[in-house]
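Chemist: Handing you this structure, nothing more for now.
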Amino acid sequence: MKKTQLWINGQWEPTDQTYELYAPFSGELLAHVAKATVSDVNRAIEAAQEAYQAFKQTSAYERSEILYKVVELLKMRKQEMVDILVKEAGKPAKAAMAEVERTISTYLFAAEGAKQPSGETVPLDAAPTGVGYMGYTKRVPLGVVSAITPFNFPFNLVAHKLGPAFAAGNTVVLKPANQTPMSALFMAEIFKEAGLPDGALQIVTGSGGELSEALTTHRYIKKVTFTGSEKVGLEIKEKVGLRKLTLELGSNSALIIEPSTPIQQIIQRAVNGAFNFAGQVCISLQRIYVHQSIYSQFVEAFVEETKKLVIGNPADGTTDISAMINPKEVQRLQSWLEEAKESGAQIIAGGTFTERIMTPTVVVNTSPNMKIVCQETFAPVVSIVPYKDLDEAIHLVNASNYGLNVGIYTQNLTDALYAADDIDTGSLIINDIPSFRVDNMPYGGVKQSGYGREGIKFAIEEMTNLKFIAVKKSL
């Protein structure tokens, strides 16, 4: 049985405390995972601060070359990464490979991004007191970044924190999700081989509840970047003080389908957006608003396509849907669906459960206050709702407390631009599902979905300070 260790100062460090890691699909014991103490976290942060003093002096070229080397190493170990995702996350193999490919792209964007930050000249002589002076700005690293990541994309969402942090010249203390530590520990070996200086990356595994205080309030932490639940994000926000903070929190992403939309051309895409990785995706398609003139046609086609999905072992290359990350999540959704049914909702596909698997579920006759509509399901559940006109659809979308990604299908440019102005969201995706994401685009939410932006260029800005230099040309 595998027993993991902490990654501190570029080497494996044993610990007496461990917790058990189980496979989501089979329930088998995968590993005894090192459980860090607050003392371990403090040591890791202090070591990262010491490493920062040297790492901040490295050139953009040197940091870029390290990240390019990471890309090359990952390309050679793709199947190993897929195997890790299948085992620890229960992610179907084809979805796992898609994540691996995106992870490689993210580090490639980071390698290129290391050379991109630039400043600007400021015309100080625009004021009489500035005559004889010149001014310019530059981006400078912050110091130690605390990165706390979720289970659902354990390679790529870690990449979105490590990549830009190292590109900018910061060091990182990473606390991966309890359910998916092996993917993060795999990256420790990759960065070591790629030439990242010892101490620039520290990895502490264990209880977020026990470690979050140190990870967010230690005097050397200059930036906290967190992806996870709204509840934990709000707790972190109360602790961080004046440190920089990025929060990527909950969502219940919506899609508007206008009557001009050719349904058969989008149906497979919509089904994939709702049920990929059992809906355990921050921008999973949870609410679909369909114009009443095409509602029945869309629902019929959507249900027919949903029934084609293959449910089974994530290691099987044909599997579309497998286990949820924890049996407790299945129990939660059972109760939410029962509550919705008692209030008049109708399940027209799926809605069946085993201990670990929930079938792809389509619900109609919902109301906005049902949990499966107004809260984040993070499960393979989608509701389909008819609307009369675009204004009503936009109102229904905006009624949510969340605002991460929203999609709209329309062949009418005027309506598309109208929606772009009126929908309150971090990103609007026109003529595609809200689950669309390319890893160099700005990504982040509004309202209860958090604030700050990922996407390499934008994350680098979040992980640096803008420094201004004024120079008197002559004494």
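The values are calculated or read from the model by the stated rules, or taken from the named source; none is laboratory data. Note that this is a predicted model, so its numbers are computed, not measured. FYI the Cβ positions are ideal-geometry reconstructions off the backbone, even for glycines, and counts take in every protein chain you see. The accessibility values were calculated without ligands, DNA or RNA, using every heavy atom of the protein model including side chains. Shrake-Rupley method; radii C 1.70, N 1.55, O 1.52, S 1.80 Å.
Chemist: Can you report the principal axis dimensions of the chain using only the alpha carbons, biggest first, rounded to whole angstrom?
Modeler: Computed over the chain, the largest-to-smallest principal extents equal 77, 66, 40 Å.
Chemist: Using mean Cβ contacts within 10 Å as the protection proxy, how do 323-334, 413-424 order, highest first?
Modeler: 323-334, 413-424
Chemist: For Asn369 and Thr352, compute 0.36 nm times the residue count separating them, minus their Cα-Cα distance, and round to one decimal in nm. Before the final figure, lay out the partial values.
Modeler: Values: separation 17, 0.36 × 17 = 6.12 nm, distance 2.28 nm.
Extending this stretch completely gives an extra 3.8 nm.
Chemist: Less than 15 Å apart at the alpha-carbon level, and either on another chain or at least 8 residues along: which aspartates and glutamates does that give for Lys328?
Modeler: Candidates past the 8-residue exclusion: Glu355.
Chemist: Let me ask something additional. Once both axes come from the Cα atoms, what is the angle between helix 230-239 and the longest principal axis of the chain, in degrees from 0 to 90, rounded to 10?
Modeler: 20
Chemist: Go through 338-348, 122-132 and give me the packing order, highest mean Cβ count within 10 Å leading.
Modeler: The densest-packed peptide leads the list: 338-348, 122-132.
Chemist: OK, next. Tell me the Kirkwood hydrodynamic radius of the stretch 129-205 in angstroms, computed as one over the mean inverse distance between distinct C-alpha pairs.
Modeler: Taking the inverse mean of 1/r over all distinct Cα pairs, the stretch 129-205 comes out at 13.9 Å.
Chemist: About its Cα centre, how strong a charge dipole does the chain have in debye, to the nearest 20, once Lys and Arg get +1 and Asp and Glu get -1 at the Cβ?
Modeler: On the way: 45 positive and 51 negative charges, 261 e Å.
Dipole of the chain, to the nearest 20 debye: 1260 debye.
Chemist: Given the options Leu333, Val38, Phe378, identify the residue whose Cα lies farthest towards the positive end of the charge dipole of the chain (+1 on Cβ of Lys, Arg; -1 on Cβ of Asp, Glu).
Modeler: Toward the positive end, the furthest listed residue is Val38.
Chemist: With Rg and the Kirkwood Rh both taken from Cα atoms, where does Rg over Rh land for the stretch 291-399?
Modeler: When Rh is taken as the Kirkwood radius, the ratio is 0.99.
Chemist: Considering only protein heavy atoms, what per residue accessible area in square angstrom results for the chain with a 1.4 angstrom probe?
Modeler: Heavy-atom accessible area per residue stands at 41 Å².
Chemist: Same structure, new question: Per residue, how much space in cubic angstrom lies within the convex hull of the C-alpha atoms of the stretch 190-244?
Modeler: Considering the Cα atoms of the stretch 190-244, their hull volume per residue is 108 Å³.
Chemist: Ordered by residue, what ³J(HN,Hα) values in Hz, to whole numbers, does the stretch 67-76 give under the Karplus form 6.51 cos²θ - 1.76 cosθ + 1.60, where θ = phi - 60° and Gly and Pro are x?
Modeler: Each residue of the stretch 67-76 in turn: 5, 4, 5, 4, 4, 5, 5, 5, 4, 7 Hz.
Chemist: Follow-up. In whole percent, how big is the carbon plus sulfur part of the accessible area of the chain, probe 1.4 Å, protein atoms only?
Modeler: Heavy-atom surface of the chain belonging to carbon and sulfur, 1.4 Å probe: 50 percent.
Chemist: Next question. How high is the FRET efficiency from Asp391 to Glu304, r the C-beta distance, R0 35 Å, rounded to 0.05?
Modeler: It comes out at approximately 0.70.
Chemist: Putting +1 on Lys and Arg Cβ atoms and -1 on Asp and Glu Cβ atoms, find which of Phe226, Leu242, Thr129 reaches farthest to the positive end of the dipole of the stretch 114-257.
Modeler: Thr129
Chemist: Still on this model: Short version: what are the Cα gyration tensor semi-axes of the stretch 1-134, square root of 5 times each eigenvalue, largest first, in whole Å?
Modeler: Each semi-axis is √(5λ); the values are 42, 23, 13 Å.
Chemist: Oh, and also: State to the nearest 20 debye the size of the charge dipole of the stretch 429-475 about its Cα centre, where the only charges are +1 on K and R beta carbons and -1 on D and E beta carbons.
Modeler: 420
Chemist: I want to verify the translational diffusion coefficient of the stretch 431-475 in µm²/s; compute it with Stokes-Einstein, Rh as the Kirkwood radius over Cα pairs, at 25 °C and 0.890 mPa s. Write down the numbers at each step before the final one.
Modeler: Details: Rh = 13.5 Å.
Once the numbers are plugged in, D ends up at 182 µm²/s.
Chemist: Let me ask something else about it. Report the net charge of residues surrounding Lys457, where surrounding means a beta-carbon distance below 12 angstrom and charges are Lys +1, Arg +1, Asp -1, Glu -1. Write down the numbers at each step before the final one.
Modeler: Numbers: positive: Lys115, Arg139, Arg453; negative: Glu112, Asp439, Glu454, Glu461, Glu462.
Taking every other residue near Lys457 into account, the sum is -2.
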